[in-house]
Amino acid sequence: MPKRKRETKTPTQLRNARKRKAKKREKATARLQDPSLVYIDDPLSAPTVLQAKHFFKELGQRLPLQLKAKEGWRSSAKLAVRRGADGLKIGLFLPKSHEIISVLGCSAHHPAINQALEAITVIGASGKIKGYDELDGTGDLRYVKLDVERSTELVQVTLVWNASSQEEAGSSLSWLLKKLKRHELWHSIWLNFNAADKHTSRILAYEKEAWLQVHGPKRFLREALHSVEGEAVELCFPPFVFRQANLCAFEDIVSLARHFVPAQSVVVELYGGVGTIGLHLADRVSSLVCSDENPHNRLCFKRSAKALPEELRPHLSYVQGDAASQVKSVPTADVVIVDPPRKGLDEAVLQALCRSRKKKQQRLIYVSCGFPAFQRDCQKLIDAGWTVHHAEGFILFPGADHLETFCVFDRA
Ligand SMILES: C[S@@+](CC[C@H](N)C(=O)[O-])C[C@H]1O[C@@H](n2cnc3c(N)ncnc32)[C@H](O)[C@@H]1O
């Protein structure tokens, strides 16, 4: 039989074939739905919300649900960047997949986030910068983080770059920065150098050396929660600290927390971030010790506390450390406030709360962003003698299968 000649393709043909394939993939995913908007028609029908209602009903508790604006609420977003057929593909991963769905123009975004995304997408269409390719670990831009300063509508943008330094990033980064700086959208521009292995799921590199501010003022982005009563606080949110994506709705949680902290309480706050809840209790506490594992938070807390009236400052302190290292303070508190990540309380914290007995009466305010973990922790707290005094559910991400649970426990 005559041998068939092997078909060889020119580099241009190969490139075009790759582009066609990528376009086909993009078309297929475009038909799929943004995972953050699946329940947007009726956010109260999301499975987690129904599950939470059932759980509290079984405990003999009502669970009032709070839902604010369904559009324009997301003032902080971390978005993945990958290689697209026509430049950068920026968006959210579809559940359990490596496919990205574009979120350009998403109705949940604060308008400033959409403007920023548009600007980056247009610049990216030139093809001069490459989106990250997780198959081979090549490419430039891995993620973008966008945080809006709501009072000015300016955006703090962080470019997560696949290099370990600005030198290593080279001319493509310098070119992008030059283009970005022509826009008047920015509060500041930050670089986060993350050359971690392609198998990592970590979005940001948290080491101090990984961060570089290349544009904007030295003063951190500020946010005031205007609807919260008490002393006005200016929270600091540089890009390397946790910030609630829906700060407008979280204001109501902070207000509610104030309501459940009796005047002159000794308060211990674990998983406190930059002091988003704790600092708003400054006029209600005889002392507040706030802590968090992120070493960057301390400076933010101190700067915000410094701007409070002089007589309140001595009552406020901040300790850097993970929650497990702070459990000694739990029995000394009248009120313990916890707002852990999705996985819930660390075992050491849960154990400390379950055996804490020094005070005659104690209150625990638990703010949870992960309902399954809350359910588990709640059951253990009840078994240890805590009772649910009040619970409320907040739809912080309307359209997503998520509930932020606010629960007050008491122990006599
Ligand atoms: C859901 S955020 C809440 C922060 C704050 N209450 C707010 O609303 O901005 C959780 C915080 O827990 C911190 N964190 C995560 N794991 C921790 C741990 N094991 N010990 C202490 N803090 C932790 C994170 O750094 C983050 O600031």
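How do the pairs read when you match residues in region 132-148 that are aliphatic (A, V, I, L, M) with residues anywhere that are assigned to a loop (DSSP other than H, G, I, E, B) and open to solvent by less than 10 Å² (accessible area, probe 1.4 Å), using Cβ under 9 Å and keeping only pairs 6 or more apart or on different chains?
Taking only residues 6 or more apart or on different chains, the pairs are L141/I129; L146/S75; V148/S75; V148/L221.
From the list D334, D339, pick out the single residue that is away from the ligand (no atom under 13 Å from the Cβ), in contact with a strand residue (DSSP E or B) (Cβ under 6 Å, 6 or more places away or on another chain) and under 26 Å from A373 (Cα atoms).
After applying the criteria, what remains is D334.
Open to solvent by 20 Å² or more (accessible area, probe 1.4 Å), over 18 Å from L117 (Cβ atoms) and either in contact with a strand residue (DSSP E or B) (Cβ under 6 Å, 6 or more places away or on another chain) or in contact (Cβ under 8 Å) with a residue 40 or more places away in the chain (or both): is that true of S227 in this structure?
Judged against the criteria, S227 is not a match.
If we scan region 384-397, do we find a residue that is free of Cβ contacts under 8 Å to residues at least 60 places away in the same chain and β-branched (V, I, T)?
Yes, the conditions are met somewhere in region 384-397.
Yes or no: region 240-258 includes at least one residue that is open to solvent by 40 Å² or more (accessible area, probe 1.4 Å), away from the ligand (no atom under 14 Å from the Cβ) and not in a loop (DSSP other than H, G, I, E, B).
No, region 240-258 contains no residue that is open to solvent by 40 Å² or more (accessible area, probe 1.4 Å), away from the ligand (no atom under 14 Å from the Cβ) and not in a loop (DSSP other than H, G, I, E, B).
Are any of the residues in region 160-172 in contact (Cβ under 8 Å) with a residue 24 or more places away in the chain, buried (at least 16 other Cβ atoms within 10 Å of the Cβ) and under 28 Å from R222 (Cα atoms)?
Yes, region 160-172 contains a residue that is in contact (Cβ under 8 Å) with a residue 24 or more places away in the chain, buried (at least 16 other Cβ atoms within 10 Å of the Cβ) and under 28 Å from R222 (Cα atoms).
Filter region 209-229 for residues that are in a strand (DSSP E or B) and over 22 Å from the mean Cα position of the chain (by Cα) and give the result.
Within region 209-229, V214, H215 meet the criteria.
Which of the residues that make up region 208-239 are of a type in the set (D, E, K, R) and either farther than 28 Å from A80 by Cβ or within 15 Å of the ligand (Cβ to nearest atom) (or both)?
Result: K218, R219, R222, E223, E229, E231, E234.
Kindly check whether there is at least one residue in region 305-317 that is touching a residue at least 40 places away in the same chain (Cβ under 8 Å) and within 13 Å of the ligand (Cβ to nearest atom).
Looking for residues that are touching a residue at least 40 places away in the same chain (Cβ under 8 Å) and within 13 Å of the ligand (Cβ to nearest atom), one finds none in region 305-317, hence no.
Which count do you get for residues in region 184-207 that are open to solvent by 70 Å² or more (accessible area, probe 1.4 Å) and either part of a helix (DSSP H, G or I) or in contact (Cβ under 8 Å) with a residue 60 or more places away in the chain (or both)?
Summing the residues that are open to solvent by 70 Å² or more (accessible area, probe 1.4 Å) and either part of a helix (DSSP H, G or I) or in contact (Cβ under 8 Å) with a residue 60 or more places away in the chain (or both) in region 184-207 gives 3.
With the requirement that a residue be assigned to a loop (DSSP other than H, G, I, E, B), within 10 Å of the ligand (Cβ to nearest atom) and touching a residue at least 40 places away in the same chain (Cβ under 8 Å), what does region 264-294 give you?
Y271, G272, G273, G275, T276, I277, N294, listed by residue number.
Being in contact with a helix residue (DSSP H, G or I) (Cβ under 6 Å, 6 or more places away or on another chain) and buried (at least 21 other Cβ atoms within 10 Å of the Cβ): is that true of A85 here?
The answer is no for A85.
Limited to region 375-403, what total is found for residues that are touching a Pro at 6+ places or on another chain (Cβ under 7 Å) and open to solvent by 30 Å² or more (accessible area, probe 1.4 Å)?
Going through region 375-403 one residue at a time, the tally reaches 1.
The values are calculated or read from the model by the stated rules, or taken from the named source; none is laboratory data. Not measured: the values here are computed from a predicted model. As a convention, Cβ positions derive from the backbone with ideal geometry for all residues, glycine included, and neighbour counts pool all protein chains shown. Ligands, DNA and RNA are stripped out before the accessible areas are found, and what is left, the full protein with its side chains, is counted by its heavy atoms. Shrake-Rupley method; radii C 1.70, N 1.55, O 1.52, S 1.80 Å.
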